[in-house]
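All remarks here apply to the structure that follows.
The values are calculated or read from the model by the stated rules, or taken from the named source; none is laboratory data. Fair warning: this is a prediction, and the values are worked out from it, not measured in the lab. Cβ atoms come from the backbone with ideal geometry, glycine included; neighbour counts cover every protein chain shown. These area figures cover heavy atoms from the full protein model, side chains too; ligands, DNA and RNA do not enter into them. Shrake-Rupley method; radii C 1.70, N 1.55, O 1.52, S 1.80 Å.
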Amino acid sequence: MFGSIAADLMLVVLIGILSQWVAWRYRLPAIVVMAIAGLLVGPVFGFINPEETLGELFSPIISFAVAIILFEGSLNLDFREIKGFSKPLTRIVTFGAFIAWITGSLAAHYLAGLSWTVAFIIGGLFIVTGPTVILPMLRQAKLKPRPAALLKWEGIIVDPFGALLAVFAFEFIKFVNGQATLAALGLFVAASVFAVFIGWASARILGYAFEKGGVPEFLKAPVLFAVVLFAFVISDELMHETGLLAVTAMGIVMANMHLTSIHDIRQFKENISVLLISGIFVMLTASLDPHVLIEIFDWHIITYVMAMLFIVRPLSIWVSTVGTDLSNREKNLLGWVAPRGIVALTVSGYFASILLENGYKDAELLTALTFALVLSTVVLHGFTIGPFARRLNLTTTDESGVLIVGGTKFAAELARSIQDSGNDVLLMDTSWAGLSHARKLGLSSHVGDILTEQTEYTLDLTPYRYMLAMTKADTYNAHICADFLYDVGRENLFQTSFHVGEGVESFNVTGGRTLFTPALSIYDLEERMNSGHVFRKTVLSKQYSYTQYLRERDDRSVLLYILREDGSVEFYTPTEELQAVAGDTIVALSHPIKQIERAKERIAEEKGEEEVQHEQIEKRFSEDQGKTKSPIPGEAPPSIQGGLTKNSIS
């Protein structure tokens, strides 16, 4: 243990971000990597114990982080996203949550051996799934839009209600036992309503100020950050755990105000959330008592966790969605995925101490029980959500889907080339006429503006790994790259080179990478297409290497992309040198004269090979005749048959 607050916090942040990188690099569930890393540096090897080091600051830091994470998640809950499946979502977060509460409480009492009071409280808490764990899983699983949206909405909406349900259960039990009055129970309800009002009012006032220019751009994110903490603390001071309800309400209201600056704010908050999730999860797991790790192997706890995984969750989903249009495959996926995270750990720790103070000795089992459920669901669901969803055909394609913005002839021919390789392609343009060539080639196309917010809800962009901005408006291409830089990632975002003509100045843009080698504008590419240039595919082999291809290729050709042997696509850029191996296919835009020359060479080579083969056949035939036939008196030898030679005359 370092013993220094600064050193421990540095190590927590470093380990959290490193865990995120390892998860990205090796395609592992990030939440699992963070949990394992926290356990290793904490209870296993004892390098750090953040709870001991931070002391009284530990709980507020965790609470603030959870509030920000929950607000960031709810900031993505636009009601337009759930059109078509609002009925199953409503059922899951109401009737499904109630079923999970009752059945979870029964399991906690009969299987884990908890008293009815403690079981009733913990059953309410464990209906949560939470954005701290479900959102990282959804980023990696690549689910289809509907199941992904259902899991996201459920996790964010139920998260505060799970904590409130536990508080309500505790207050209700106190009332039944005569330890609290009806007024105290009413105060809880009033505090919850007030928390919703605080969140709604904060969102409306802040949104109005943003739209009317009351807050400058550089202060919008910091002001929002401060108001989120204000709403959380004010509500939580009145009634514990109602702060989560306030920030959730605030996020949902702001998400549906459709503010012009919401996109930039959402990006900032998501960056903060990734950092907080990484650090907070490491802090919680690193602060666990080593004895807790031993207690989780108690057979009562193991039996309870198995029941929660295989009985309580599937039952709540299947029963609550009866009569909805969810398919059995979607129900199976939703019935399996329900990871618990930070809220479950923090709130259960709070109730463990409160219940122990009130004489419930079995509450000392809550920490081990909660951690066993969190660790089990995080590991099992983290590793299985992707494969299980693929087995159910509920994931988007794993191939290199490409979205091309711009309907030029070159863009259409490029799309056809990529489509022929077996990858999904969509061409998009703002006008119907601009996509005429795409329609002639039978390509998938969509008329619309990629920069409008409406496109996000009318067009499913998840199957497309790459985005290529190839319109004839360079500034529009730059705006596309700037707008989608965070969502798509710079490594998957491309644009054609800027066109520099008379009176046009070039300028630098930080966004997508420039396409092709050499880098040409869409005008130059169109000109080449109109002059007869063609797409040419060259398959590499052991006999014909990539080095040989580069040495022999025409200098006038444009290297477009490499089609890998596994079907994936990698685009050429002027700043990155790609490597190719045998089995890969190089796709280039080649000059027609070079094509004709190569065709003539092939014909000449074929003709030459035929002449050589003919001469060899004649030679072998003559030799065979000389060996098998002897001279006959009065008959010329085989060497001079069919004509006299100088030697024969003499």
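Applying the condition of being of a type outside the set (A, V, I, L, M) and touching a residue at least 40 places away in the same chain (Cβ under 8 Å) to the range 180-196 and asking which residue is farthest from residue 75 (Cα to Cα) yields 188.
The residue that is most open to solvent (accessible area, probe 1.4 Å), among those in the range 93-120 that are in a helix (DSSP H, G or I) and either free of Cβ contacts under 8 Å to residues at least 12 places away in the same chain or among the polar types (S, T, N, Q) (or both), is 110. Total residues in the range 415-442 satisfying the condition of being at negative phi and either over 26 Å from the mean Cα position of the chain (by Cα) or loosely packed, with under 14 Cβ neighbours inside 10 Å (or both): the figure is 15. Could you tell me how many of the residues in the range 375-407 are closer than 22 Å to residue 112 by Cα, open to solvent by less than 10 Å² (accessible area, probe 1.4 Å) and either in contact with a Ser or Thr (Cβ under 9 Å, 6 or more places away or on another chain) or without any contact (Cβ under 8 Å) to a residue 12 or more places away in the chain (or both)? Result for the range 375-407: 1. Only residues that are out of contact with any helix residue (DSSP H, G or I) (no Cβ under 7 Å at 6 or more places or on another chain) and in a helix (DSSP H, G or I) were counted in the range 1-10, giving 4. Taking the criterion of being within 21 Å of the chain's Cα centre (by Cα) and at pLDDT 85 or above, the residues of the range 336-382 that qualify are 336, 337, 338, 339, 340, 377, 378, 379, 380, 381, 382. Among the residues of the range 39-52, some residue qualifies, meaning at least one is open to solvent by less than 30 Å² (accessible area, probe 1.4 Å) and within 17 Å of residue 341 (Cα to Cα).
Go over the candidates 201, 249 one by one and state the one that is closer than 27 Å to residue 79 by Cβ, open to solvent by less than 30 Å² (accessible area, probe 1.4 Å) and out of contact with any helix residue (DSSP H, G or I) (no Cβ under 6 Å at 6 or more places or on another chain).
Going through 201, 249 in turn, the sole match is 201.
Here residue 56 meets each of (1) open to solvent by less than 20 Å² (accessible area, probe 1.4 Å); (2) modelled with pLDDT of 85 or more; (3) within 30 Å of residue 199 (Cβ to Cβ) with one exception, condition (1). When you look at residue 288, is it buried (at least 19 other Cβ atoms within 10 Å of the Cβ), farther than 20 Å from residue 194 by Cα and out of contact with any Cys (no Cβ under 9 Å at 6 or more places or on another chain), yes or no? Considered against the rule, which asks whether it is buried (at least 19 other Cβ atoms within 10 Å of the Cβ), farther than 20 Å from residue 194 by Cα and out of contact with any Cys (no Cβ under 9 Å at 6 or more places or on another chain), residue 288 comes out as yes.
The residue that is modelled with the lowest pLDDT, counting only those in the range 553-587 that are open to solvent by 60 Å² or more (accessible area, probe 1.4 Å) and touching a helix residue (DSSP H, G or I) at 6+ places or on another chain (Cβ under 9 Å), is 556. The set of residues in the range 212-241 that are touching a residue at least 12 places away in the same chain (Cβ under 8 Å), assigned to a loop (DSSP other than H, G, I, E, B) and either exposed (fewer than 12 other Cβ atoms within 10 Å of the Cβ) or over 33 Å from the mean Cα position of the chain (by Cα) (or both) comprises 239, 240.
Only residues that are in contact (Cβ under 8 Å) with a residue 60 or more places away in the chain and buried (at least 18 other Cβ atoms within 10 Å of the Cβ) were counted in the range 16-35, giving 10.
Does residue 13 qualify as being within 27 Å of residue 248 (Cα to Cα), under 23 Å from the mean Cα position of the chain (by Cα) and open to solvent by 60 Å² or more (accessible area, probe 1.4 Å)? Here the answer is yes, as residue 13 does meet what is asked. Within the range 313-325, the set of residues being among the hydrophobic types (A, V, I, L, M, F, W, C) and surrounded by fewer than 24 Cβ atoms within 10 Å (Cβ to Cβ) comprises 315, 318, 319, 322. Test residue 22 against the criterion of being over 30 Å from residue 227 (Cα atoms), in a helix (DSSP H, G or I) and at pLDDT 85 or above, and give yes or no. Yes.
For residue 81, the test of being more than 30 Å from residue 291 (Cα to Cα) and touching a helix residue (DSSP H, G or I) at 6+ places or on another chain (Cβ under 8 Å) is passed. Residue pairs whose Cβ atoms lie under 8 Å apart, separated by 6 or more positions or on different chains, with the first residue in the range 532-557 and of a type in the set (Asp, Glu) and the second at pLDDT below 90 and assigned to a loop (DSSP other than H, G, I, E, B), are 554/591.
Conditions tested, residue by residue: (1) modelled with pLDDT under 90; (2) within 25 Å of the chain's Cα centre (by Cα); (3) under 25 Å from residue 265 (Cα atoms).
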residue: 32; (1), (2), (3): yes, yes, no
residue: 43; (1), (2), (3): yes, no, no
residue: 69; (1), (2), (3): yes, yes, yes
residue: 86; (1), (2), (3): yes, yes, no
residue: 91; (1), (2), (3): no, no, no
residue: 98; (1), (2), (3): no, no, no
residue: 112; (1), (2), (3): no, no, no
